[in-house]
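Below you'll find the structure, written out as structure tokens, and then a few comments.
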Amino acid sequence: MSGRDLFCPPRRIRRGAALTLVFASVLVAGAATGSLPGSDGEREPDAARTAAAASRPDEVARAAAEAMESGQSPVEAAQRAVSRSGDRWGAVYSKGEYEEFEDALDGEYTGVGLWARRERSGRVEVTEVRSGSPAADAGIRAGDRLRSIDGRSVDGLPVTEVVALLRGDAGDADAPDASAGSTVRLGVERGTRAWSLTLRRARLSTDSVTVRRLADGATVIKVAAFTKGSGDAVRAAVRQAPSDDGVILDLRGNPGGLVTEAVTAASAFLDGGLVATYDVEGEQQALHAEPDGDTTRPLVTLVDGGTMSAAELLTGALQDRGRAVVVGSRTFGKGSVQMPRQLPDGSVAELTVGHYRTPAGRGVDGEGITPDLEAGREALSRAETVLGGLGQQDPG
């Protein structure tokens, strides 16, 4: 399991404009363990779910307004209303939380700048430290182990809880301030040495798209999340890759983000055409790729149980249209559309209003996407093998 202090569970955020749909970072705790949403019993028909969803915004807003009039917490009242509605993806955010996650989708976040994973033993290992970050300045390096955060042992915790603690965003109303400049105390271990240190959180930017070239000539484009500008970064990476390189598009652990960015990324590999369809309160819409993408370069897409939301939308489009071979394990299965509703106190309720489908009409919500070739730890090497085979095929 791996994660970093950018997206935390269970947050979902979306811009207000309808053109900027967000299937955002949701239930990352489940994604980090590779688990999928349950599907006990029969699923509610789409039409029934859409009809039920239509009344939710008014009910939640009314609950918040009544609470505000009586001197109670509008956020708590709205949360109770969302819980009663049965909307498993619905959530309520304070004004500050909403603004913070808008910043995250712009590629900015508050944290200390380290990546971590949980070992089989349950200990938490630092896997990477961002250059120039508070963690780097404090001398933390890859291979160190985190033992505690603000006095709390992190051994055995899901990595997403560790991430939330690093950011000071663990969901505790009495938790200390987690803004830039706030402090977090870490217990660190390196070999036989153990020590404690205090870091100040900082506003950091993240490179959501990274590119590297393998020894066999393949170009790996890793998309950590669909933040602002990530789609254009994918297109630029494809254009700049040597003409004889195949591409491995690595979407493992990608929790989603801005759907418009995922569609732009799809445009790097498609010559226009359908990427997905979705419904908003019963009204059908479609998302299309831009023309003139690279349609001949061999392409393999890597996915796992942490591939969610907008990343699933992109995977489904490339798979359905025969553009990529998908390698890895079944994706998370988050294919619903959330819309925000501002509440009287400035907080935001985000409620499910529809679902999206792949070009072939497949629903993703609760199902995920099954790869063409199952692979676990060896996924990257399997992808290289598949890519080599695709490169040897006669394009004519």
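Can you say whether residue 394 is at pLDDT 95 or above and surrounded by fewer than 20 Cβ atoms within 10 Å (Cβ to Cβ), as far as the supplied structure shows?
no
Of the conditions (1) open to solvent by 10 Å² or more (accessible area, probe 1.4 Å); (2) under 30 Å from residue 64 (Cα atoms); (3) in contact with a Gly (Cβ under 8 Å, 6 or more places away or on another chain); (4) not in a strand (DSSP E or B), residue 344 clears all except one; give me its number.
(3)
Answer yes if at least one residue in segment 109-124 is aliphatic (A, V, I, L, M), open to solvent by 10 Å² or more (accessible area, probe 1.4 Å) and at pLDDT 80 or above, and no otherwise.
no
Is it fair to say residue 344 is in contact with an Asp or Glu (Cβ under 6 Å, 6 or more places away or on another chain) and either more than 16 Å from residue 249 (Cα to Cα) or polar (S, T, N, Q) (or both)?
Taking the combined requirement at face value, the residue does not satisfy it.
Only one residue in 325, 386 is touching a helix residue (DSSP H, G or I) at 6+ places or on another chain (Cβ under 7 Å), farther than 27 Å from residue 98 by Cβ, open to solvent by 10 Å² or more (accessible area, probe 1.4 Å) and in contact (Cβ under 8 Å) with a residue 12 or more places away in the chain, so which one is that?
Selected residue: 325, the only one of 325, 386 that is touching a helix residue (DSSP H, G or I) at 6+ places or on another chain (Cβ under 7 Å), farther than 27 Å from residue 98 by Cβ, open to solvent by 10 Å² or more (accessible area, probe 1.4 Å) and in contact (Cβ under 8 Å) with a residue 12 or more places away in the chain.
Scan segment 349-366 and tell me whether some residue there is open to solvent by less than 40 Å² (accessible area, probe 1.4 Å), more than 18 Å from residue 266 (Cβ to Cβ), charged (D, E, K, R) and not in a loop (DSSP other than H, G, I, E, B).
Yes - at least one qualifying residue is present in segment 349-366.
Give the residues of segment 367-383 that are crowded, with 20+ Cβ neighbours inside 10 Å and either in contact with an Asp or Glu (Cβ under 8 Å, 6 or more places away or on another chain) or assigned to a loop (DSSP other than H, G, I, E, B) (or both), sorted by residue number.
368, 369, 371, 379
Can you report the number of residues in segment 247-261 which are assigned to a strand (DSSP E or B) and either among the acidic types (Asp, Glu) or closer than 20 Å to residue 278 by Cβ (or both)?
So the count comes out to 3.
Output the residue which, of all residues in segment 135-164 that are surrounded by 15 or more Cβ atoms within 10 Å (Cβ to Cβ) and in contact with an Asp or Glu (Cβ under 6 Å, 6 or more places away or on another chain), is farthest from residue 119 (Cα to Cα).
163
What are the residue pairs meeting all of these: first residue in segment 68-92, first residue more than 17 Å from residue 342 (Cβ to Cβ) and open to solvent by less than 70 Å² (accessible area, probe 1.4 Å), second residue of a type in the set (Val, Ile, Thr) and at pLDDT below 85, Cβ atoms under 9 Å, and 6 or more apart or on different chains?
Pairs found: 89/26.
Of (1) buried (at least 24 other Cβ atoms within 10 Å of the Cβ); (2) under 20 Å from the mean Cα position of the chain (by Cα); (3) among the hydrophobic types (A, V, I, L, M, F, W, C), residue 269 satisfies all except one. Which?
(2)
The values are calculated or read from the model by the stated rules, or taken from the named source; none is laboratory data. No experiment lies behind these values; they were computed from the predicted model shown. For neighbour counting, all protein chains shown are included, and Cβ atoms are generated from backbone atoms with ideal geometry for every residue, glycine included. The area values use the complete protein model at the heavy-atom level, side chains included, leaving out ligands, DNA and RNA. Shrake-Rupley method; radii C 1.70, N 1.55, O 1.52, S 1.80 Å.
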